[in-house]
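Step one of this worksheet: look at the structure below.
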Amino acid sequence: MSRAVTGAAVVAGVVGAPVTHSLSPLIHNAWIAAAGLDAVYAPFAPPADGFSAFVQGLRGGAIRGLNVTVPFKLDACAYATDLSERARLAGAANAIKFEGARAYAENFDGLGLVNDIERNLGYRIEGKLILMLGAGGAARGAILPLLAEKPAALAIANRTPEKARALAEQFSACGDIVGMGYGDLAGAAPFDCVVNATSASLSGDMPSIPPTCFAGGCLAYEMVYGKGLTPFLRLARSAGAVRLADGVGMLVEQAAKAFAWWRGVRPDTAPVIERLTIPLN
Ligand code: NDP
């Protein structure tokens, strides 16, 4: 049943291009309805070079905050008056909160990943050997929250090894982190948890990693969601991983962080994750 939106409704939304595929309106509006809030969450698609002007036009009214997705995560950092440490180190923001003349930028992607792994999957990162594949925006945003959980070590491997090495260098003061190419994984010890933070699965591809990366019984986490058993998850399963997950929980958990940041209420993530989950078989 649709709900009328009053003139006083508090507005939030997601800015992206394209944005029609985004699940954020479905997620946030479900929580708004569950909490009985006079609010609405809408998708916005400004032109590729028009982020600042578009966001500026939304200011001053009922707008509370925005999620930001591809290709505007860097524009969001540039637009903000204040950057959190996570957004600054990630060089990208996926959420903005407006307070008077201030625009605070945050990056909740990595916290969403860690919350999903620890809270929803019941997997403790502390003391584990973690491998993350990819060195793009998603990997960059995940490094600080992963290191905050004190893994034994975090290895970043990427198709373009220099990017992984540069990330490891940048975050070296935050924990035990090393960057490498996929070729370097051949002689490496197996990992307790392997996170695929590449976009390879979007095209049915996968990073060229050896099956020996996966320790018996390890957790294999695919950040891409809604694709079922991707080539990465298939390899992980055949190599002995017993726990497989895709990024739907990460998506919902980062949304919950933004919802709580704007509205002061932590929503219940479990029903939404259940609703959006596609079985991995
Ligand atoms: P970027 O475009 O910033 O980075 C892409 C990364 O994937 C790079 O490391 C790139 O390597 C690598 N890559 C791309 N194609 C291949 C391939 N065929 N083989 C090996 N490596 C490849 O993307 P993001 O970091 O922003 O996003 C990565 C993925 O994470 C996306 O697919 C997105 O769907 C997902 N994501 C999920 C979220 C969630 O909430 N579940 C949140 C954010 C992202 P190279 O550097 O060599 O080009």
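The values are calculated or read from the model by the stated rules, or taken from the named source; none is laboratory data. Remember, predicted model here, so these are calculated numbers, not experimental data. A quick note on method: Cβ atoms are made from the backbone with ideal geometry, for glycine too, and the neighbour counts reach across all protein chains shown. The protein model used for the area step is the full one, side chains on, heavy atoms only, and it has no ligands, DNA or RNA in it. Shrake-Rupley method; radii C 1.70, N 1.55, O 1.52, S 1.80 Å.
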Rounded to the nearest 500, the 222 nm mean residue ellipticity computed for the chain from DSSP H runs (n ≥ 4, each -39500 (n - 2.57)) alone is -9500 deg cm²/dmol
Largest first and to the nearest Å, give the Cα extent of the range 1-135 along each principal axis.
51, 36, 28
What nm value, rounded to one decimal, do you get for the distance between CYS174 and ASN281 when each label is placed 7 Å out toward the C-beta?
3.8
Report the extension gain between ALA34 and LEU121 in nm, rounded to one decimal, defined as 0.36 nm multiplied by the number of residues separating them, less their alpha carbon distance.
28.9 nm
Of all DSSP beta bridges in the range 9-107, antiparallel share, percent nearest 5
40
Can you bin every Cα-Cα distance in the chain into 10 Å intervals starting at zero and give me the percent of pairs per bin, rounded to whole numbers?
7, 29, 34, 21, 8, 1, 0
Using a Förster distance of 35 Å, the FRET efficiency for VAL242-THR6 (Cβ separation, nearest 0.05):
0.10
What lysines does LYS163 reach when the alpha-carbon gap must be under 21 Å and sequence neighbours fewer than 8 apart in one chain are set aside?
LYS73
Give me log10 I(q)/I(0) at q = 0.11, 0.21 Å⁻¹ for the range 168-281, Debye formula, one equal scatterer per alpha-carbon, no solvent.
-0.45, -1.15
Report the extension gain between GLU99 and GLU274 in nm, rounded to one decimal, defined as 0.36 nm multiplied by the number of residues separating them, less their alpha carbon distance.
59.7 nm
Cα axis of helix 24-35 to longest principal axis of the chain: angle in degrees, 0 to 90, nearest 10?
60
Degrees separating the helix 137-148 axis from the principal Cα axis of the chain, which is the longest one:
80
Given the options ASN158, ASN29, ASN107, which has the most mean-square fluctuation in a GNM of the chain, springs set between C-alpha atoms less than 10 angstrom apart?
ASN29
Taking all protein chains in place and a 1.4 Å probe, what share, in percent, of the accessible surface of the range 9-107 do carbon and sulfur account for?
58
Take every Cα pair under 8 Å in the range 9-107 that's 6+ residues apart, average their separations, divide by the length, and report that relative contact order as a whole percent.
28
Over the range 110-248 - Rg/Rh using Cα atoms and the Kirkwood inverse-distance radius
0.91
Kindly work out what percent of the DSSP beta bridges joining two residues of the range 34-165 are antiparallel, to the nearest 5.
55
Take the chain, connect every pair of alpha-carbon atoms lying under 10 Å apart with a spring to form a Gaussian network, then pick out the residue of MET132, MET206, MET250 with the largest mean-square fluctuation.
MET206
Run the numbers for SER203 and GLU162: contour at 0.36 nm per residue of separation, minus the present Cα-Cα distance, in nm.
12.4 nm
Given a 1.4 angstrom probe, what's the average accessible area per residue across the chain, in square angstrom?
43
Based on DSSP, what percent of beta bridges with both residues in the chain are antiparallel, to the nearest 5?
20
Within the chain, which is the longest segment that contains none of the trypsin sites (Lys or Arg not before Pro) sitting in a DSSP loop with at most 14 other Cβ atoms within 10 Å?
125-281
Each label point is 7 Å from the Cα along the Cα-to-Cβ direction; what then is the distance between the points at VAL265 and ALA148, in nm?
2.4
From Cα pairs below 8 angstrom and at least 6 apart in sequence, can you work out the relative contact order of the chain, rounded to a whole percent?
14
Leaving ligands, DNA and RNA out of it, report the carbon-plus-sulfur percent of the accessible area of the range 110-248 at a 1.4 Å probe.
51
